[in-house]
Every structure is written in C-alpha cells, then in structure tokens.
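Okay, structure first, notes after.
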Amino acid sequence: MKILFTKNIDQAIISKELGEHISADCVEVIKTQPIMINPFDLKNFSLIFTSVNGVIAFFKNRFKPNEDFTAKNYNKIYCVGEKTKKELRKHGFGTFKVLKNAETLSRFIISKCQHEQFLHFCGNLALNVLDKDLPLQNIKYKKITIYNTEETNPLITEKYHAAVFFSPSGVRSFAKQNSLEDMMLFSIGETTSGELRNYTKEKIFTSEDNNLTSVFELIKREIGSKF
C-alpha cells in the first residue's frame, strides 16, 4: 500500500509505526518563513499561539514574555495543540491552557476569559476563528502576523491509496493541482477535515488528537480493516 504524507516525516518513524509493508512518500505542500518585526511590550496581554511556527517566529523576534505569576502584569499563555505546547517548553515557557483547536479555544475564552486582552501570534493564513468570534463578545483581541505560509501547489503524478493532511493550507495547496478522489483521506484534526470537505465528498478519517501519534493510530486502525 502506498501513502502520501503532505509534510516531511522521518522515514524511520513511518516504518516503525506502520511497518515495512507500507510504502510512504513525503511531499511538503507549504513553506513557512518568519517575519521580522520590532518586539514590543507585552504587559497586560494574554498571548495566544495556534502553531509551532508561531512560537518559533515569536522567539526569533526576541519577544520576552513575563511568566512570573507573582508579578502584577504577567502574561498568560494559551495555545492550540501539544506540539505547540512542547515548542513553548523548549524556550522555557509553560502554558496556562492548551486546547485542541481554535474553535475550542475560542469557546473557552468566551466563557472564562471575558476580561482579558489577547495578542495572537500567527501566520498570514491563520483561520479567522478567533478574530471573528472574540470581538463579537467585546473581548479585546489583536492578530499579530509573525510568519508567512506559502502554498506551493505541487503537481503529484504518482498514484496513492491514501493521503494524509496536516493543515487547511496544506489541503488547499494539494487540491490546487491534484484530485482527492479514489483515495483514503486522513486528517490531523477537525479543522483540517473541514477544509477537505470543501474539495471532496470522499469519507475523511479524522484523528482524535492533533498530533502525529494519533494520526498513526488512526491509519493503522483503518488500513488494517481494509487491506
């Protein structure tokens, strides 16, 4: 069986997780590049990160959050996904709250954090979930574009039994020149699955959690039942 992963993953990890009988190719369908901006005072703001790239670009720009909870103006950090949390840990920062996607984060903020003001460090193609929902609830929110995502729109001539997608922008990039029909379609979360539904009526298999481990478990479970 041949599977296409729409981002680079170590072949050793794929072989370990899926076994030698699976033939896997990896093609990057998006490129990201940090945007350099002048760091500014974060005092009195809660910070939102919805991607690993947002965290990387934030620290490349030499921002310095204050995580001293005993201080009056410390920064609460909210993030989406365990990978984003781990990237924050690499830089020595924890998280106040980790949610699985932007929709869940939006609901949490609306119900629990009405009096905070938020800065969202994200890419140019970030979904308009938070900036659509939060201002309607009179919650102070500002999106800071800190990296660019480019959809590379590769033409894939090889035929695959399955394809695996990791972001809405990755779906759009792939779908620009390639069909999504007659393949098993795997997605890393409901947000990405929602984008896939704009391009196909094929069944979409969605991982329970937004991480690679959950994706591999889903692939093993579904492929094992069909091959």
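Do any helices (runs of 4 or more DSSP H) entirely within the range 144-227 hold 2 or more residues that are of a type in the set (A, V, I, L, M), and if so, which? Please lay out each step first, then the result.
Details: elements: 168-175, 190-196, 212-224.
Of the helices (runs of 4 or more DSSP H) lying wholly inside the range 144-227, those with at least 2 residues that are of a type in the set (A, V, I, L, M) span 168-175, 212-224.
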Out of everything in the range 104-115 that is crowded, with 17+ Cβ neighbours inside 10 Å and touching a helix residue (DSSP H, G or I) at 6+ places or on another chain (Cβ under 9 Å), what residue ends up being nearest to SER214 (Cα to Cα)? LEU105
Those residues that are surrounded by fewer than 19 Cβ atoms within 10 Å (Cβ to Cβ) and in contact with a helix residue (DSSP H, G or I) (Cβ under 7 Å, 6 or more places away or on another chain), I need them from the range 78-93; list them, please. LYS83, HIS91
Which members of the range 33-49 meet the condition of being of a type in the set (S, T, N, Q) and either over 26 Å from SER106 (Cα atoms) or at pLDDT 95 or above (or both)? GLN33, ASN38, SER46
Is it true that some residue in the range 54-65 is outside any strand (DSSP E or B), over 23 Å from GLY123 (Cβ atoms), modelled with pLDDT under 95 and among the charged types (D, E, K, R)? no
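Among SER207, SER187, SER173, which is the only one that is farther than 22 Å from ALA12 by Cα, buried (at least 19 other Cβ atoms within 10 Å of the Cβ) and in contact with a strand residue (DSSP E or B) (Cβ under 9 Å, 6 or more places away or on another chain)? Give the derivation first.
Values: SER207 fails: farther than 22 Å from ALA12 by Cα; SER187 fails: farther than 22 Å from ALA12 by Cα.
When all the criteria are applied, what remains is SER173.
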Are any residues in the range 67-87 in contact with a strand residue (DSSP E or B) (Cβ under 8 Å, 6 or more places away or on another chain), over 22 Å from THR191 (Cα atoms) and without any contact (Cβ under 8 Å) to a residue 40 or more places away in the chain, and if so, which ones? GLU67, ASN75
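Do we have LYS143 as closer than 26 Å to ASP41 by Cβ, free of Cβ contacts under 8 Å to residues at least 60 places away in the same chain, exposed (fewer than 15 other Cβ atoms within 10 Å of the Cβ) and basic (Lys, Arg) here? It would help to see each step written out before you state the result.
Details: closer than 26 Å to ASP41 by Cβ: yes; free of Cβ contacts under 8 Å to residues at least 60 places away in the same chain: yes; exposed (fewer than 15 other Cβ atoms within 10 Å of the Cβ): no; basic (Lys, Arg): yes.
Answer is no for this residue.
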Residue satisfying condition, being out of contact with any Ser or Thr (no Cβ under 9 Å at 6 or more places or on another chain), among the basic types (Lys, Arg) and surrounded by fewer than 16 Cβ atoms within 10 Å (Cβ to Cβ), within set LYS31, LYS43: LYS43
Only residues in the range 8-22 that are in the same structural domain as LEU212 (by TED's automatic domain parsing) and within 18 Å of PHE165 (Cβ to Cβ) count as the first member; pair them with residues that are among the polar types (S, T, N, Q) and part of a helix (DSSP H, G or I), Cβ under 8 angstrom, at least 6 apart or cross-chain, and list the lot. ILE22/SER15
Answer yes or no: is there a residue in the range 65-77 that is surrounded by fewer than 18 Cβ atoms within 10 Å (Cβ to Cβ) and of a type in the set (A, V, I, L, M). yes
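Among the residues of the range 67-75, is there at least one that is among the β-branched types (Val, Ile, Thr), over 14 Å from the mean Cα position of the chain (by Cα) and part of a loop (DSSP other than H, G, I, E, B)?
Yes, there is a match, as at least one residue in the range 67-75 is among the β-branched types (Val, Ile, Thr), over 14 Å from the mean Cα position of the chain (by Cα) and part of a loop (DSSP other than H, G, I, E, B).
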Those residues of the range 104-131 that are free of Cβ contacts under 8 Å to residues at least 24 places away in the same chain and assigned to a loop (DSSP other than H, G, I, E, B) come to a total of 2
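Can you find, within the range 88-103, the residue that is farthest from LEU127 (Cα to Cα) among those that are without any contact (Cβ under 8 Å) to a residue 40 or more places away in the chain and touching a Lys or Arg at 6+ places or on another chain (Cβ under 6 Å)? Steps first, please.
The first filter runs over the range 88-103 and keeps only residues without any contact (Cβ under 8 Å) to a residue 40 or more places away in the chain, leaving 88-95, 97-99.
Next, from what is left, pick out any that are touching a Lys or Arg at 6+ places or on another chain (Cβ under 6 Å): 95, 98.
Numbers: THR95: 21, VAL98: 18 Å.
Here the answer is THR95.
The values are calculated or read from the model by the stated rules, or taken from the named source; none is laboratory data. Worth saying up front: this structure is predicted, and the values here are computed from it rather than measured. Don't worry about glycine lacking a Cβ; one is built from the backbone with ideal geometry, like all the others, and counts go over all protein chains shown.
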